[in-house]
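Below you'll find the structure, written out as structure tokens, and then a few comments.
The values are calculated or read from the model by the stated rules, or taken from the named source; none is laboratory data. Since we're looking at a predicted model, the values are computed, not measured. No Cβ is skipped: glycine too gets one built from the backbone with ideal geometry, and neighbour counts run over all protein chains shown. Protein only, heavy atoms only, side chains kept; ligands, DNA and RNA dropped before computing areas. Shrake-Rupley method; radii C 1.70, N 1.55, O 1.52, S 1.80 Å.
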Amino acid sequence: MGKLGAFELNYSSDVDLIVFYDEERVRYQGRRSPQEFFVALARNLAQILDERTGDGYVFRVDLRLRPDPASTPSALSLLAAETYYEGFGQNWERAAMIKSRPVAGDPVAGARFADFIKSFIWRKHLDFAAIQDIHSIKRQINAHRGGGEVTIKGHNVKLGRGGIREIEFFVQTQQLIWGGRQPYLRVRGTLEGLAALTAADHVSQEACIELSAAYRALRSLEHRLQMIDDRQTHSLPEDDKGLEAIACFMAEPDAHSFCSKTEALFRQVERHYAGLFEDAPPLAGPGNLVFTGEDADPDTLATLTSMGFTGADTVIRQIRGWHHGRIRATRSARAREMLTELTPRLLQALADTSEPDAAFIRFDTLLAGLPAGVQLFALFANNPSLIDLLAEIIGNAPHLAETLTANPILLEDVLTGQFFDPLPPREALAEGLAKQLAEADDTEEVLDVSRRWVNERKFRVGVQTLQGRLPAPAIGGHLSDLADATLAALQAEVENDFARQHGRLPGDGMAVVALGKLGGREMTISSDLDLIMVYDLSDEDVQSDGPKPLDGMTYSGRLAQRFLNALTVRTAEGSLYTTDLRLRPSGNKGPIATSLAAFDRYQAQAAWTWEHMALTRARIVTGSARLREQIRAVIHRTLTGARDPAKLILDVADMRDRLAAHHRANSPWDVKHRRGGLVDVEFITQYLQLRWAHEHPSILRTNLGQALEQAGALGLLTLADADTLHRAWQLWSSLQQTLRLTNEGDFREKALTDRVRRLLAETAQCGDFAELKTVMAERAEQVSALYRDLIDGPARTLRAAETAQLPTEEDVKNDD
């Protein structure tokens, strides 16, 4: 291969070899397999040539031009080689094989391989798209080696701008284009190739003369550079003394003359090469990005490290695997060609995320899950901004990245005109989902359709949030509308399917009550659903009217479980929602669904204060109008009942203390559990609702912001305190929306990209990140002070009074 194949060896050249063996011609008897035998032979051959002794060495040997050198042995059977080149051979390998020739060993086997490889190198039809792949490899090299400017000091005469490699690529790419139909272009040598292309009128006489002269001159210079101290180098000296020495070696009168002539050669070559590919798209990059061969290119390692990748070796290894077709997405030649063009832009976009290595791994996972890559790569090629959006998603939004990995085609939706429009209202969403589900043939398809439909819209809201296009209250509202519509549609589907087997019960069926984030219409992208399922069952002995009738309690329990499974089971389209039923009567010890009578009885007689606090967020999202009204009446009666103020404040304070002990906030960015954070705002609000609802029932609002506004309007808080709490709630809930989207696991402020810092500041309507941190500290202190004044301080006073009233040991003795 290489210079040895084309009879162009340098003074200090490696010899590039590939060792093949023909199993059909092997007559071998021994303990080892033929492969083991020939691998050992190849290794011994390389060692004999390469090993240094007292007499020096013969040649340095490089065996890495064989197919997929990272995962193949050093000697390959012809069958394995043919399978590789037919299915996974890359265009740079086609170019490299132009110079190949059998050089030693079995001439019959060598001739067979040479005959086979012709069909791989020389395609019958012009393939300009494939040539972009070869050209992109060279332009990746251009991005760093030799730089964008032609220089002299330190310039690489082989790989730099205007260097030997550009002349070789000028010849090889045109040989690949025309050689399939013009066999006389199939020559190995660079100069012979130039002459043949000129004779066929593919290259002008001027270009042939100038490039041939430049090639001879640069090869002569390369020889002399390598003769100095027997160094395997291609770079000119970086100091004046070194340039004077090489000028003398090149028989030039002085360094100035040498530099002028050599720079003129580089400019000449660059001009011809640029003219050949003048219509090619730009491939600017931050540095050298070459992913061919077996060993990692040192300059590529340096480039990736400078970009921010700590695992540059891993990045190179994975990209090399893409180009070898180790994943389905890059099995086709066209996919590999397109990916080569996209790689520099893609890596730069990933490098701009908060954790480039993690972002790269997520992209690799996404790529590995694709059945084919051409569609996605074409999408990127035609819409380069999608690469930046993809990088932002997988680098800055782990939840969205997971959704996108499961369904990469979601990126296509971004190109639609309405993608960045707000979601329609709940009624329109419910109607749209109902139409989709009506087309489903069975329950399995209902589950798949609902997941696909919901995840597409959650992805849309998530991207709009990431792009800073939605205010926090709108995010919570859109996600809550989406959940409401989904619950209503799926409940109807499950009930209809259940009725086919078990019929229906008399009465008003089942209703779903939402609490927590869904109840308050404050959902985040990763919120679970806090639900209570309540059914109407006036007669427990009643039977359903289906082919397989069930008694009322069994029917309702099984229906609720079926509905819960429809919400939570993971299908081929992914998951839908995580549900939390621990707020139902008796928690995990209670039945999955409860009758209206039992729900009423539990709230009146057995519920704890913290359960009534949770009930302030209750919002009925499904069920008949009559059942909804009955449940609403139970909730209203429960929350507006008169309470012992002292017991209430002690219960609230005790619950907050237990919560603080269980969820220790180790970071100011834990906006939910930090002192003065969202939980404190919730506890103050819910305390006020339970304390005053019997006198002022209008304070009962499921949304915290609305409840605080009402508390101020009613005079239960001063307007200043109500405004302080409302601003804090807005800050914490807004930040929580963004943090849930952009963060996974422990929050690390130092790892935040400038983009995420700006997004957080914009979310909180702050000028910059520093101002945001200042505002956060101020709000936390203000809320903490109000919590102390309204709850913690009075609770401490009540506890102290209770302790003072307890009899002491002395009192007991005196009584005795």
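So here's what we get for this one:
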quantity	calculated
Complete set of residues in the range 450-479 that are of a type in the set (Lys, Arg) and over 28 Å from Ala566 (Cα atoms)	Arg469
Residue list for the range 749-771, restricted to those being under 13 Å from Glu392 (Cα atoms) and either among the aromatic types (Phe, Trp, Tyr) or open to solvent by less than 50 Å² (accessible area, probe 1.4 Å) (or both)	Leu752, Thr753, Val756, Leu759
Residues being in contact (Cβ under 8 Å) with a residue 60 or more places away in the chain, under 15 Å from Phe563 (Cα atoms) and in contact with a strand residue (DSSP E or B) (Cβ under 8 Å, 6 or more places away or on another chain) - total across the range 492-529	7
Residue in the range 438-455 that is in contact (Cβ under 8 Å) with a residue 24 or more places away in the chain and closer than 18 Å to Arg740 by Cβ present	yes
Residue in the range 270-291 that is modelled with pLDDT of 80 or more, of a type in the set (Gly, Ala, Ser) and crowded, with 17+ Cβ neighbours inside 10 Å present	no
Hits in the range 33-92 - residues which are within 40 Å of the chain's Cα centre (by Cα) and on the phi > 0 side of the Ramachandran plot	Asp68
Some residue of the range 635-646 being closer than 21 Å to Ser527 by Cα and either in contact with an Asp or Glu (Cβ under 8 Å, 6 or more places away or on another chain) or part of a helix (DSSP H, G or I) (or both)	no
Complete set of residues in the range 522-538 that are open to solvent by 40 Å² or more (accessible area, probe 1.4 Å) and either closer than 19 Å to Ile592 by Cα or at pLDDT 95 or above (or both)	Asp528, Ser538
Ala207 vs. criteria in contact with a Ser or Thr (Cβ under 9 Å, 6 or more places away or on another chain), buried (at least 16 other Cβ atoms within 10 Å of the Cβ) and either in a helix (DSSP H, G or I) or not basic (Lys, Arg) (or both)	yes
Complete set of residues in the range 329-344 that are touching a Gly at 6+ places or on another chain (Cβ under 8 Å) and not in a loop (DSSP other than H, G, I, E, B)	Ala329, Thr330, Ala333, Ala335, Arg336, Met338, Leu339, Pro344
Residue selected from the range 689-711 under the condition of a type outside the set (S, T, N, Q) and open to solvent by less than 10 Å² (accessible area, probe 1.4 Å), by the criterion nearest to Cys766 (Cα to Cα)	Gly705
Elements of type helices (runs of 4 or more DSSP H) in the range 706-799, at least 1 residues being without any contact (Cβ under 8 Å) to a residue 24 or more places away in the chain and under 27 Å from Gly519 (Cβ atoms)	719-742
Residues being open to solvent by less than 30 Å² (accessible area, probe 1.4 Å), in contact with a His (Cβ under 8 Å, 6 or more places away or on another chain) and over 12 Å from Leu367 (Cβ atoms) - total across the range 292-335	1
Residue list for the range 400-414, restricted to those being assigned to a helix (DSSP H, G or I) and over 17 Å from Arg755 (Cβ atoms)	Glu402, Thr403, Leu404, Thr405, Ala406, Leu410, Leu411, Glu412, Asp413, Val414
Within the range 355-388, considering residues that are in a loop (DSSP other than H, G, I, E, B) and more than 12 Å from the chain's Cα centre (by Cα), the one farthest from Met338 (Cα to Cα)	Gly369
Residue list for the range 459-471, filter: surrounded by fewer than 22 Cβ atoms within 10 Å (Cβ to Cβ) and part of a helix (DSSP H, G or I)	Gln464
Asp600 vs. criteria in contact (Cβ under 8 Å) with a residue 12 or more places away in the chain and closer than 30 Å to Arg500 by Cβ	no
Answer from Ile631, Ile649, Ile635 - the residue that is open to solvent by less than 60 Å² (accessible area, probe 1.4 Å) and in contact with a strand residue (DSSP E or B) (Cβ under 6 Å, 6 or more places away or on another chain)	Ile631
Helices (runs of 4 or more DSSP H) wholly inside the range 13-102 that include at least 2 residues being open to solvent by 50 Å² or more (accessible area, probe 1.4 Å)	34-50, 78-88
Thr579 vs. criteria over 29 Å from Leu447 (Cα atoms), hydroxyl-bearing (Ser, Thr, Tyr), within 39 Å of the chain's Cα centre (by Cα) and open to solvent by less than 50 Å² (accessible area, probe 1.4 Å)	no
Qualifying position, being touching a residue at least 12 places away in the same chain (Cβ under 8 Å) and out of contact with any helix residue (DSSP H, G or I) (no Cβ under 7 Å at 6 or more places or on another chain), among Arg271, Arg224, Arg267	Arg267
Filtered residues of the range 628-640 (kept if over 17 Å from Thr685 (Cα atoms) and over 48 Å from the mean Cα position of the chain (by Cα))	Arg637
Condition check for Gln175: more than 16 Å from Glu270 (Cβ to Cβ), crowded, with 16+ Cβ neighbours inside 10 Å and among the polar types (S, T, N, Q)	yes
Which listed residue is closer than 24 Å to Gln348 by Cβ and within 18 Å of the chain's Cα centre (by Cα), from Leu415, Leu404	Leu404
Helices (runs of 4 or more DSSP H) enclosed by the range 513-626 - at least 1 residues per element that are touching a Gly at 6+ places or on another chain (Cβ under 8 Å), closer than 30 Å to Ala472 by Cβ and of a type in the set (A, V, I, L, M)	609-615
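For every residue, the table says whether it meets (1) within 15 Å of Ala95 (Cα to Cα); (2) open to solvent by less than 10 Å² (accessible area, probe 1.4 Å); (3) of a type in the set (A, V, I, L, M, F, W, C); (4) modelled with pLDDT under 95.
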{"residue": "Leu185", "(1), (2), (3), (4)": "yes, yes, yes, yes"}
{"residue": "Arg188", "(1), (2), (3), (4)": "yes, no, no, yes"}
{"residue": "His202", "(1), (2), (3), (4)": "no, no, no, yes"}
{"residue": "Glu222", "(1), (2), (3), (4)": "no, yes, no, yes"}
{"residue": "His234", "(1), (2), (3), (4)": "no, no, no, yes"}
